[in-house]
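The values are calculated or read from the model by the stated rules, or taken from the named source; none is laboratory data. It should be emphasised that the depicted structure is a prediction, and the values quoted were computed from it without experimental measurement. Heads up, the Cβs are rebuilt from the backbone with ideal geometry, glycines too, and the neighbour counts pull from every protein chain shown.
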Amino acid sequence: MKKLSVILILVLSALILKAGGEATNYVTVNGKTYFCQTMKTGLLNMSVKLSDGTTMKVPFKNVDSYSLNGKLYERLPVMCKGAPANCTALMEYVTSRNGLRLYKFSKMQCKGEMCEGNFEKAHLQYVYFVFKDGKFYLPVTRENMESILPFFGVKIIG
């Protein structure tokens, strides 16, 4: 009887943990948060199906943040070489520690000049930034990544 009780408690605990682990999808547009059943991201817009069944099309430029399948994206200033002064982008939240937050920014990178014949295909590049209280703190570069990424518990592969 004790074994049966223990097994039943373990099964119920596993079900409760699994139910609590479901991700909540939402989008925050101009300061207002909408919870949604499904969300599809496109190149310039996001299509959101709300809980009441209505569908809403939102331009990315109006999105402050969104959560999709357990991943959080927040609008933050872009601190890349050549970026305009007030440039912002949606960056993926990676992790945080001691009030510092690590974000991943995805951008397309291409090199060379087509007319000169040394053009390379565009490829996706990831840039990491550290923010503190929503403000830029420091970039993750080749020189400092061996100390910053392990601080956040991120393994360096390669």
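Of the numbered conditions (1) touching a Cys at 6+ places or on another chain (Cβ under 9 Å); (2) at pLDDT below 90; (3) hydroxyl-bearing (S, T, Y), Y26 fails exactly one; give the number of that condition.
Result: Y26 fails condition (2) only.
If I ask for residues that are in contact with a Leu (Cβ under 8 Å, 6 or more places away or on another chain), surrounded by 14 or more Cβ atoms within 10 Å (Cβ to Cβ) and either in a strand (DSSP E or B) or among the hydrophobic types (A, V, I, L, M, F, W, C) (or both), which ones from the range 25-48 would you list?
Going residue by residue through the range 25-48, those that are in contact with a Leu (Cβ under 8 Å, 6 or more places away or on another chain) are 25, 34-37, 39, 41.
If we keep only those that are surrounded by 14 or more Cβ atoms within 10 Å (Cβ to Cβ) as well, we get 25, 34, 36, 39, 41.
Correct list: Y34, C36, M39, T41.
Looking only at the range 64-79, filter to residues that are charged (D, E, K, R) and within 16 Å of L102 (Cα to Cα); which one of those is surrounded by the fewest Cβ atoms within 10 Å (Cβ to Cβ)?
So the first thing to find is which residues in the range 64-79 are charged (D, E, K, R), and the list is 64, 71, 74-75.
From what's left, within 16 Å of L102 (Cα to Cα): 71, 74-75.
Values: K71: 13, E74: 20, R75: 17.
The selected residue is K71.
Pairs under 6 Å by beta carbon, first residue more than 18 Å from M108 (Cβ to Cβ) in the range 122-141, partner of a type in the set (V, I, T) and at pLDDT 85 or above, six or more apart or different chains?
Going by the 6 Å Cβ cut-off, the qualifying pairs are Y137/V130; L138/V130; V140/I148.
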